[in-house]
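Peer 1: Could you have a look at this structure, given as structure tokens, before my questions?
No lab work stands behind these numbers, since they all come straight from the coordinates. Only a predicted model underlies this, so the values are computations on that prediction, with no experimental measurement involved. In this analysis, Cβ positions are derived from the backbone assuming ideal geometry, glycine residues included, and neighbour counts consider all displayed protein chains.
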Number of protein chains: 2
Amino acid sequence: MDGRYFEDFRPGEVIDLGTYPELTESEIISFALQWDPQPFHVDPEAAKESIFGGLIASGWHTGAIAMRLLVDALLSKSHSQGSPGLDQIRFHRPVRAGDRLTGRYTVLEAEPSAKRPRLGKVMSRIELLNERGEAVLSIVSTGFFDRRPEPGA
Amino acid sequence: MDGRYFEDFRPGEVIDLGTYPELTESEIISFALQWDPQPFHVDPEAAKESIFGGLIASGWHTGAIAMRLLVDALLSKSHSQGSPGLDQIRFHRPVRAGDRLTGRYTVLEAEPSAKRPRLGKVMSRIELLNERGEAVLSIVSTGFFDRRPEPGA
């Protein structure tokens with residue numbers, strides 16, 4: 001396959017990650033029952049008593065949605081080699097049933113890996129916006145990508 | 001219910017989060033097919049060609065496991081009111097089929113919320129260790145908890 005190498009990422013570039021299908025209450029509850037069974041994620045009645053005033057998606061669910069958009073729109077078309085970590089994950093606003101989340105990837109920095117000559121490191125900001133254009137999630141992500149092979153190599 | 005309030009968290013306290021059942025290849029692939037379908041998470045053959053040399057769990061899967069341990073061992077027995085964000089998520093080592101992950105929660109700081117008098121903010125380090133005692137994941141997490149009601153209030 002062809003696809004993006006490290007050298008194809010330019011600081012300042014913004015990549016549209018597309019939109020995830022409208023989130024349902026049953027998806028929110030189903031994810032949370034498995035991974036984050038707190039009352040405000042799994043029980044609509046109990047959630048009314050929380051500071052959120054109703055059922056909200058687990059932040060891990062929202063993050064997983066961002067990851068899926070990132071893979072479909074970008075990583076699956078790139079020579080991605082994983083990530084050493086994430087920083088500054090912020091849950092800016094609650095995510096609720098009926099929300100439609102759109103992703104955006106902004107390249108912050110790109111530099112060759114000091115330790116692995118085959119790889120380059122790309123720092124990015126990943127954001128999810130709801131259907132009203134409000135940011136619900138942001139992440140500063142570091143990703144490794146293969147460097148473009150020398151011609152004839 | 002009784003349970004931990006903000007005032008019950010002391011900096012330096014370490015809480016054992018217990019051990020997640022041994023991870024299977026099919027669980028790793030199933031999670032990744034839904035949320036992070038990169039070759040090194042979903043295709044054991046293709047994974048051999050990656051820098052990981054074999055199938056590894058998605059970092060979002062590992063994080064979700066940490067969250068589940070945290071809820072079962074601590075948050076479900078506390079007056080938890082969610083989280084504004086996470087910092088310094090680090091994937092220290094690959095997680096593979098057969099790994100048994102144990103969680104640990106260390107209280108870093110605890111302070112009343114400046115904005116919400118009903119809540120207190122607890123910063124913690126959450127770690128997952130594999131069956132060889134090696135750290136595979138660490139997270140600096142901020143969580144909100146209800147403050148203990150005044151007697152008679």
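Peer 1: Within segment B:1-63, list the chymotrypsin sites (Phe, Trp or Tyr not before Pro) lying in a DSSP loop whose Cβ has at most 16 other Cβ atoms in a 10 Å radius.
Peer 2: Here the chymotrypsin sites (Phe, Trp or Tyr not before Pro) that fit, given the DSSP loop and packing criteria, are B:Tyr5, B:Phe52.
Peer 1: From the backbone phi of segment B:116-126, what are the Karplus-calculated ³J(HN,Hα) couplings (6.51 cos²θ - 1.76 cosθ + 1.60, θ = phi - 60°) in whole Hz, Gly and Pro given as x?
Peer 2: The phi angles translate into 10, x, 6, 10, x, 10, 10, 9, 9, 10, 10 Hz.
Peer 1: Moving to a separate point now. One decimal, nm, shortest first: give the distances between the label point of A:Gly53 and those of the same position in the other copies, each label point 7 Å from Cα along Cα→Cβ.
Peer 2: Going from nearest to farthest copy, the values are 5.4 nm.
Peer 1: Moving on. What is the magnitude of the charge dipole of chain A about its Cα centre, with +1 placed on the Cβ of each Lys and Arg, -1 on the Cβ of each Asp and Glu, and no other charges, expressed in debye to the nearest 20?
Peer 2: 540
Peer 1: Kindly work out what percent of the DSSP beta bridges joining two residues of chain A are antiparallel, to the nearest 5. Let's see the in-between values first.
Peer 2: On the way: 32 of 33 bridges.
Of the beta bridges lying entirely in chain A, close to 95 percent run antiparallel.
Peer 1: Among A:Gly133, A:Phe31, A:Ala110, whose Cα sits farthest toward the positive end of the charge dipole of segment A:6-146 (+1 at Cβ of Lys/Arg, -1 at Cβ of Asp/Glu, about the Cα centre)?
Peer 2: A:Ala110
Peer 1: Divide by every residue of chain B the summed helix terms, -39500 (n - 2.57) for each DSSP H run of at least 4, and state the resulting mean residue ellipticity at 222 nm, rounded to the nearest 500 deg cm²/dmol. Please list the in-between numbers first.
Peer 2: Details: 4 runs with 36 residues, N = 153.
Mean residue ellipticity at 222 nm (helix-derived): -6500 deg cm²/dmol.
Peer 1: Moving to a separate point now. At A:Glu22 and B:Arg10, where each label point lies 7 Å from the Cα along Cα→Cβ, what is the point-to-point distance in nanometres?
Peer 2: That separation, rounded to one decimal, is 5.2 nm.
Peer 1: Which net charge results when you count Lys and Arg as +1 and Asp and Glu as -1 among the other residues whose beta-carbon is under 14 Å from that of A:Gly12? Provide the component values of the computation, followed by the final result.
Peer 2: Working: positive: A:Arg10, A:Arg104, A:Arg125; negative: A:Asp8, A:Glu13, A:Glu109.
Charge balance near A:Gly12 sits at 0.
Peer 1: Specify the inter-centroid distance of segment A:14-71 and segment A:99-153, based on alpha-carbon positions, in whole Å.
Peer 2: Here the answer is 23 Å between Cα centres.
Peer 1: So which lysines can A:Lys48 reach, going by Cα to Cα under 28 Å and dropping same-chain residues fewer than 8 places off?
Peer 2: Excluding near neighbours in sequence, the set is B:Lys77, B:Lys115, B:Lys121.
Peer 1: So, one more: Residues with beta-carbon under 11 Å from that of B:Tyr105, excluding B:Tyr105: net charge, scoring Lys, Arg +1 and Asp, Glu -1? Write out the running numbers ahead of the final one.
Peer 2: Values: positive: B:Arg104, B:Arg125; negative: B:Glu13, B:Asp16, B:Glu127.
My count for the surroundings of B:Tyr105 gives -1.
Peer 1: I've got another one for you. Can you sort A:Val140, B:Val95 so the residue with the fewest Cβ neighbours within 10 Å comes first?
Peer 2: Fewest-to-most ranking of A:Val140, B:Val95: A:Val140, B:Val95.
Peer 1: So, one more: Taking the Cβ of A:Lys115 as the centre, find all other residues whose Cβ is under 14 Å away and add up their charges (Lys, Arg: +1; Asp, Glu: -1). It would help to have the intermediate numbers written out before the result.
Peer 2: Details: positive: A:Arg116, A:Arg118, A:Lys121, A:Arg147; negative: A:Glu111.
Every neighbour counted, the sum reads +3.
Peer 1: Can you give the longest run of chain B that contains no GluC sites (Glu not before Pro) sitting in a DSSP loop with at most 16 other Cβ atoms inside 10 Å? Walk me through the numbers before you get to the answer.
Peer 2: Values: sites that count: B:Glu13, B:Glu22, B:Glu131, B:Glu134.
For GluC sites (Glu not before Pro) (loop position, at most 16 other Cβ atoms within 10 Å), the longest site-free span of chain B is B:23-130.
Peer 1: Angle between the Cα long axis of helix A:59-73 and the longest principal axis of chain A, 0 to 90 degrees, nearest 10?
Peer 2: That helix lies at roughly 40 degrees to the long axis.
Peer 1: Sticking with this one: So how strong a dipole does the protein assembly as shown carry about its Cα centre when Lys and Arg Cβ are +1 and Asp and Glu Cβ are -1, to the nearest 20 debye? Could the numbers behind the result be given before it?
Peer 2: Details: 36 positive and 44 negative charges, 144 e Å.
So the dipole magnitude of the protein assembly as shown works out to roughly 700 debye.
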